[in-house]
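Undergrad: Dropping the structure in here first, questions after.
The values are calculated or read from the model by the stated rules, or taken from the named source; none is laboratory data. As the structure is a computational prediction, the values presented were derived from the model and not from experiment. Don't worry about glycine lacking a Cβ; one is built from the backbone with ideal geometry, like all the others, and counts go over all protein chains shown.
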Amino acid sequence: MKRRIESEMIHGGNKQHDYDGSLTTPIFQTSTFAFSTAEQGEKRFAGAEDGFIYSRLGNPTVRMLEERIAVLEQGEKGLAFASGMAAVSAVLTSLTKGGDHILCSKGVYGCTYGLLQWLKEKYSITHSFSALSSEDRLNETIAEKTPACIFIETPINPTMTVLDLEMIARVAHSSGIPVVVDNTFCSPYLQQPLTLGCDIVLHSATKYISGHGDVVAGLVVGKDSYISALAKQEQKDSGGVLAPFDAWLLLRGLKTLHIRMDRHTSNATWMAEKLLQHPKVDRVFYPGNLTGSEGNIVEKQMRQAGGVLSFDVKGTKQTAQQMMNHLKMIKIAVSLGDAETLIQHPATMTHAVIPEHDRVKMGISDTMVRLSVGLESKEDIWADIVQALDRM
Ligand SMILES: *Cc1c(COP(=O)(O)O)cnc(C)c1O
């Protein structure tokens, strides 16, 4: 019987192991695994027998998380990393070699931007940013310089515009180019890029999948052949593996992901509406407010609009900073997807590494603040923002 996604969030990929009937997966806090004989060790190293060897090559708690995320993203195989950036860097280096080109969405996470810079400086792996919004333009861009892969975020942080994943995957595949999606802002509950034809999906599990601001982690899902090679090469030899306890925290987070996302989204939708009407707010950026062709994309590929929104306050950078300083309940912090509402200033925080002219092209102004709407009462979050805007 095919289960609905809410049930899959709790049970999907949860294999029945006989750990004395333990309802939750135990934390296998071990670095190595003893073989019963030398021959068994030989077989495991040769890949002729399943089983664990050493926790950088696999661990039962971590493996359970990898199986769970693969089911939730509807992919063949998952792999866990020590951070979202360990996942991004493993995937990008696995798909490229010196001299290659990476085509990216117009905005990417600040450290992904930093990684692209040093890949260019050290290994001559170049990149370009493109709107990726029209099929004709995308065909032209690919024809001009065939990329080794296309790397996308949607919604794009922090301007919250969206890209048509199904269209991009179709165009890319006609030239044999793999499409990678950083699905951090959505989680598999809101958007499943693999079902839209994309090849590889990755997450900073630090955000919604953890949901409680207590772990830094990354996840990748894709085809069995690709993920197995990623595990054996990039991960085994560069070493960015997830710790068993952190995997256990994520297994716990997954079970409430759908309920948290429902609340994050309903709070954010309400907040976006209120902000639009406030006289000291200039513009509001939220997928749920998009109309026209972008609105259609949200409708087509996202279950809900999500919990992150940005807005421009009227005034200057200092006005935006003053507003943040007046907040009482809302915390000034980067990251997102936690129970607590978090606010940050992209131009001086998450996107500070991006040179000003690129940043402005991405639509990130000095007066923009980004809000990760938490799970508190929406009235209390709004009251905090209103009193801070009033004092600005
Ligand atoms: C946070 C984040 C990352 C990086 O993840 P870490 O877990 O902090 O390494 C990558 N992409 C996006 C969209 C993020 O928000």
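Undergrad: Which of (1) within 18 Å of Cys186 (Cα to Cα); (2) over 24 Å from the mean Cα position of the chain (by Cα) is the odd one out, the single condition Val108 does not satisfy?
TA: Unmet for Val108, out of (1) within 18 Å of Cys186 (Cα to Cα); (2) over 24 Å from the mean Cα position of the chain (by Cα): (2).
Undergrad: If you check Asp100 against the conditions, is it more than 16 Å from the ligand (Cβ to nearest atom) and under 22 Å from the mean Cα position of the chain (by Cα)?
TA: no
Undergrad: Say we look at the range 357-392 and pick out the residues that are out of contact with any His (no Cβ under 9 Å at 6 or more places or on another chain) and of a type in the set (Lys, Arg); which of these is surrounded by the fewest Cβ atoms within 10 Å (Cβ to Cβ)?
TA: Lys361
Undergrad: Identify, please: which residue in the range 155-202 is β-branched (Val, Ile, Thr) and under 21 Å from Ser83 (Cβ atoms) and is, among those, surrounded by the most Cβ atoms within 10 Å (Cβ to Cβ)?
TA: Just the residues of the range 155-202 that are β-branched (Val, Ile, Thr), to begin with: 156, 159, 161-162, 168, 171, 177, 179-181, 184, 195, 200-201.
Filter once more, so that each one left must be under 21 Å from Ser83 (Cβ atoms): 156, 180-181, 184, 200-201.
Working: Ile156: 23, Val180: 25, Val181: 28, Thr184: 26, Ile200: 26, Val201: 30.
Checking each candidate, the answer is Val201.
Undergrad: Suppose we keep only residues that are hydrophobic (A, V, I, L, M, F, W, C) and free of Cβ contacts under 8 Å to residues at least 60 places away in the same chain within the range 104-115. Which one would you say is nearest to the ligand (Cβ to nearest atom)? Don't jump to the end; show me each part of the working.
TA: Here is the first cut: in the range 104-115, the residues hydrophobic (A, V, I, L, M, F, W, C) are 104, 108, 111, 115.
Cutting the leftovers down to free of Cβ contacts under 8 Å to residues at least 60 places away in the same chain gives us 104, 115.
Values: Cys104: 12, Leu115: 10 Å.
Restricting to residues being hydrophobic (A, V, I, L, M, F, W, C) and free of Cβ contacts under 8 Å to residues at least 60 places away in the same chain, the top hit is Leu115.
Undergrad: Just to check your reading of the model, which residue among Ile354, Ile343 is outside the structural domain of Gln29 (by TED's automatic domain parsing), touching a Ser or Thr at 6+ places or on another chain (Cβ under 9 Å) and surrounded by 19 or more Cβ atoms within 10 Å (Cβ to Cβ)? So that I can check it myself, show each step before the final result.
TA: Numbers: Ile354 fails: touching a Ser or Thr at 6+ places or on another chain (Cβ under 9 Å).
Going through Ile354, Ile343 in turn, the sole match is Ile343.
Undergrad: Now for a separate question. When the range 116-125 is examined, which residues are found to be surrounded by 17 or more Cβ atoms within 10 Å (Cβ to Cβ) and away from the ligand (no atom under 16 Å from the Cβ)?
TA: Ile125
Undergrad: So, one more: If Val91 meets every condition in (1) farther than 30 Å from Leu116 by Cα; (2) in contact (Cβ under 8 Å) with a residue 60 or more places away in the chain apart from one, which number is that one?
TA: Unmet for Val91, out of (1) farther than 30 Å from Leu116 by Cα; (2) in contact (Cβ under 8 Å) with a residue 60 or more places away in the chain: (1).
Undergrad: When you go through Asp224, Asp282 one by one, which is the residue that is farther than 24 Å from Gly75 by Cα and in contact (Cβ under 8 Å) with a residue 60 or more places away in the chain?
TA: Asp282
Undergrad: Output the number of the condition that Leu242 fails; it satisfies all remaining conditions of (1) surrounded by 15 or more Cβ atoms within 10 Å (Cβ to Cβ); (2) assigned to a helix (DSSP H, G or I); (3) among the hydrophobic types (A, V, I, L, M, F, W, C).
TA: Unmet for Leu242, out of (1) surrounded by 15 or more Cβ atoms within 10 Å (Cβ to Cβ); (2) assigned to a helix (DSSP H, G or I); (3) among the hydrophobic types (A, V, I, L, M, F, W, C): (2).
Undergrad: Give me the residue from the range 65-97 that is out of contact with any helix residue (DSSP H, G or I) (no Cβ under 7 Å at 6 or more places or on another chain) and acidic (Asp, Glu) and, out of that set, nearest to the ligand (Cβ to nearest atom).
TA: So, considering only residues that are out of contact with any helix residue (DSSP H, G or I) (no Cβ under 7 Å at 6 or more places or on another chain) and acidic (Asp, Glu), the one nearest to the ligand (Cβ to nearest atom) is Glu66.
Undergrad: In the range 86-134, what residues are in a helix (DSSP H, G or I), closer than 20 Å to Met362 by Cβ and of a type in the set (S, T, N, Q)?
TA: Of everything in the range 86-134, those that are in a helix (DSSP H, G or I), closer than 20 Å to Met362 by Cβ and of a type in the set (S, T, N, Q) turn out to be Thr112, Gln117.
Undergrad: Within the range 29-43, which residues are under 39 Å from the mean Cα position of the chain (by Cα) and assigned to a loop (DSSP other than H, G, I, E, B)?
TA: Gln29, Thr30, Ser31, Phe33, Ala34, Phe35
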